[in-house]
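The values are calculated or read from the model by the stated rules, or taken from the named source; none is laboratory data. Note that the structure is a prediction, hence the values are computed from the model and not measured. We place every Cβ from the backbone using ideal geometry, glycine too, and count neighbours over all the protein chains shown. Ligands, DNA and RNA are stripped out before the accessible areas are found, and what is left, the full protein with its side chains, is counted by its heavy atoms. Shrake-Rupley method; radii C 1.70, N 1.55, O 1.52, S 1.80 Å.
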Amino acid sequence: MARSIYITSVEGHTGKSTVALGVLDTLSHEAERVGVFRPVARSSDERDYVLEMLLAHDGVGLGYDECVGVSYEDVHDDPDAALSEIVSRYKAVERQCDAVVILGSDYTDVGSPTELGFNARIAANLGAPVLLVLGGQQADEHGARTADEVRQVAEIALTELGSAHASVIAIVANRVDPTLMDDVVARVSEAFEHAAHRGELESSAVDTLPVWAIPEDRLLIAPTVAAIMEAVEGTLIKGDVEALQRESLGVVVAAMSMENVLTRLIEGAVIVVPGDRADVLLAVLMANASETFPSVSGIILNGGFDLLPQIALLIDGLDNSLPIIRNSLGTYDTALRITQTRGRLAADSQRKYDTALALFEQHVDAATLLRLLDVSRSDVVTPLMFEYDLLDRARSDQRHIVLPEGEDDRILRAASTLLRRGVARLTILGDEGEIRSRATELGLDISAAAILSTRDPQLRERFAEEYVRLRSHKGVRLEDARETVTDVSYFGTMMVHLGLADGMVSGATHTTAHTIRPGFEIIKTNPGVSIVSSVFLMCLADRVLVYGDCAVNPDPNAEQLADIAISSATTAAQFRIEQRIAMLSYSTGESGAGADVEKVRTATKLVRERRPDLLVEGPIQYDAAVDAAVGLSKMPGSQVAGRATVFIFPDLNTGNNTYKAVQRSAGAVAIGPVLQGLRKPINDLSRGALVQDIVNTVAITAIQAASIAGEPS
């Protein structure tokens with residue numbers, strides 16, 4: 001039977017979905033099959049956006065319709081019948097899962113006491129312990145609650161839950177004033193103790209209730225400019241469509257003279273400008289482009305006026321990406337609709353998604369929550385579990401990674417995620433003004449990243465002198481070196497070489513050769529390793545395998561193939577993958593002959609001589625390496641056959657085609673290529689890399705750096 005948790009609150013706007021996302025993410029790292037269930041959907045007319053956001057999580061494989069219980073209308077018509085239907089539909093989800101996150105209703109319909117009571121009945125009938133979410137803000141959103149006010153809400157909720165025989169296992173006070181965190185935890189804990197003393201709680205409730213507090217973060221409730229545009233019935237007439245996804249952190253009504261408007265601009269605000277005030281419009285655009293004024297998120301031109309042709313022509317000549325939206329409403333109605341627009345936590349808002357997860361990770365003790373739910377780690381390793389372990393290990397020992405391609409939006413998006421989740425310290429190469437401006441336009445926070453120009457005079461001279469020292473035997477002169485080191489790959493590699501960064505990740509906009517050539521020249525290979533090679537970490541549905549070399553060396557000889565095998569085993573160990581090495585060929589054991597087979601046979605012998613501690617078999621066919629029955633038939637008694645975890649391909653053609661075939665046909669997640677053999681880690685990205693690929697590669701590089709430094713990660 002699946003372990004379940006029922007997340008509910010006593011009122012709306014508590015940020016319950018933020019907590020649900022954190023719980024879901026936590027469970028996905030421990031259990032193979034995690035489900036989501038919504039007993040009462042927000043509406044029967046349109047899809048529940050909170051449920052859709054949770055179902056979009058990589059750890060959930062269920063469809064929308066099977067995860068919905070009933071509608072509010074069903075509850076009104078016959079509460080008992082609705083409850084029976086909820087139980088029936090939940091059981092169908094439970095049978096498919098190892099753990100289920102159940103998200104209570106959203107208080108968009110009936111009064112609080114009635115709705116909380118019904119949620120309590122559902123939890124009791126589903127046998128699901130309750131995680132109670134309390135709101136740290138006033139119900140009308142007009143200010144933060146005091147610690148005593150939060151306690152009063154807790155007392156009401158605990159009494160209601162107890163009367164319905166629902167068992168509470170933990171409380172999260174969400175959206176709390178950051179200055180009141182400790183006081184809120186103390187007061188809510190007192191409320192639980194008093195309720196327990198009065199006998200108001202279900203007897204199965206825990207003796208000491210964990211209480212956690214999560215601070216208010218304005219970003220999570222901020223609407224996007226796109227949402228505001230829809231609310232004011234506007235049309236985008238100028239600016240970048242992508243910039244519509246930036247969050248708005250306030251509103252400024254600019255119905256005054258230009259000089260007075262400029263003094264009232266605030267960071268991240270939407271500016272409401274009368275459509276016939278071209279002077280104010282141009283002033284706001286100039287201020288937004290200036291480093292001396294706040295960066296705003298958008299402009300609403302109200303009143304239904306068209307831009308004058310000469311003003312439109314002037315704006316077209318500016319380097320402007322700021323959204324300019326025109327609508328037909330008056331100033332009051334426009335401002336009112338903006339202030340009434342509430343932001344949503346959605347899967348397509350990566351910054352909000354990252355912020356929600358980071359807040360949960362920082363303020364909720366996941367280990368305690370898992371222990372209360374009695375959820376133990378699965379023996380199966382899913383791609384999501386493996387990716388989480390990468391981030392968690394990198395986070396535990398933050399390393400400094402340089403990202404040379406600061407002009408690429410994917411790099412900036414990945415940097416925002418990495419910094420918000422605390423995965424690594426980052427330096428981004430490029431023009432600081434342009435990079436920070438673009439990040440702001442995209443609604444990204446990279447303020448914690450250092451940004452360096454490759455034309456920095458001091459570093460350029462230092463790097464050039466070091467490059468001459470390393471390459472003077474090749475005829476490199478100082479004048480040439482000064483120009484060479486301004487190339488982003490050389491500059492980033494030199495940072496790693498001189499200890500200014502622990503590793504480098506590049507390749508989103510550059511070729512593999514461009515990325516790794518400086519490493520060959522500057523960092524060089526580990527002692528005893530003759531060749532730099534690569535592996536892909538192949539995340540199958542239930543395990544992770546290592547494939548090498550699939551990206552760098554076209555036709556390695558026997559000595560090089562042995563190096564690749566040993567390096568791949570070292571990489572596997574770095575990522576806690578058991579090392580059983582299969583040296584692949586088109587024949588198994590002594591059954592075949594020919595130059596290609598002999599190369600593999602010789603390489604296998606060299607591996608055994610150099611690393612007698614490693615389990616290695618070769619030549620061996622892929623089916624004999626991976627399938628237990630075939631392995632037993634072709635190589636009885638082998639410790640590798642049928643159980644291989646590290647697969648060494650005889651050449652690049654075989655390796656590259658095989659990894660892509662497995663990736664596409666088996667639905668495997670291929671993480672890499674991970675470069676190996678260099679004394680310090682440099683990793684190459686595919687030019688088609690997704691943001692998550694970049695995040696994973698940075699985490700991998702950080703783990704490699706910690707391993708090279710001889711420190712645990």
Original post:
Excluding ligands, DNA and RNA, what is the solvent-accessible area per residue of the chain at a probe of 1.4 Å, expressed in Å²?
Top reply: 41
**OP:** Select from segment 47-102 those trypsin sites (Lys or Arg not before Pro) which occupy a DSSP coil region and have at most 16 other Cβ atoms within 10 Å, ordered by residue number.
**Re:** Arg47, Arg95
Original post:
For segment 353-365, in order, what is each residue's ³J(HN,Hα) by Karplus, 6.51 cos²θ - 1.76 cosθ + 1.60 with θ = phi - 60°, in whole Hz (x at glycine and Pro)?
Top reply: 4, 5, 5, 4, 5, 5, 4, 5, 4, 7, 10, 10, 7
Original post:
Straight-line reach from Lys352: which lysines have a Cα under 21 Å away, not including same-chain ones fewer than 8 places off?
Top reply: Lys16
Original post:
What number comes out for the charge environment of Asp651, summing +1 per Lys or Arg and -1 per Asp or Glu over other residues with Cβ under 12 Å away?
Top reply: -2
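With both partners inside the chain, how many of the DSSP beta bridges are antiparallel, as a percent to the nearest 5?
So the antiparallel bridges in the chain amount to around 20 percent.
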**OP:** May I ask for the net charge around Tyr490, where only other residues with Cβ less than 12 Å from the Cβ of Tyr490 are counted and Lys, Arg are +1 while Asp, Glu are -1?
**Re:** -1
**OP:** With a ≥ b ≥ c taken as the square roots of the eigenvalues of the C-alpha gyration tensor of segment 1-43, please select rounded if a/c is under 1.5 and otherwise prolate if a/b is larger than b/c or oblate if it is not?
**Re:** prolate
Original post:
For Tyr6, what is the net charge nearby, where nearby means another residue's Cβ is under 12 Å from its Cβ and Lys, Arg count +1, Asp, Glu -1?
Top reply: +4
Original post:
Taking Cα atoms, how many degrees apart are the long axis of helix 409-420 and the longest axis of the chain, rounded to 10 and kept between 0 and 90?
Top reply: 70
Original post:
With every protein chain present, what accessible area does Lys524 have (1.4 Å probe, heavy atoms only), rounded to the nearest 10 Å²?
Top reply: 80
**OP:** Taking the Cα centre of segment 114-172 as origin, sum charge times position over the Cβ atoms of Lys and Arg (+1) and Asp and Glu (-1), and report the length of that vector in debye to the nearest 20.
**Re:** 240
**OP:** Report, to the nearest 10°, how far helix 691-708 tilts away from the longest principal axis of the Cα atoms in the chain, using its own Cα long axis and a range of 0 to 90°.
**Re:** 60
Subject >> Between 0 and 90°, nearest 10: helix 181-197 axis offset from the chain longest Cα axis >> reply: 70
Original post:
Long-range amide H contacts for Val70: which residues qualify at under 5 Å (H placed 1.01 Å from N, peptide plane, sequence gap of 5 or more or a different chain)?
Top reply: Val40, Ala41
Original post:
By the gyration tensor of its Cα atoms, with a ≥ b ≥ c the square roots of the eigenvalues, what is the shape of segment 318-445: rounded for a/c under 1.5, prolate for a/b over b/c, or oblate?
Top reply: oblate
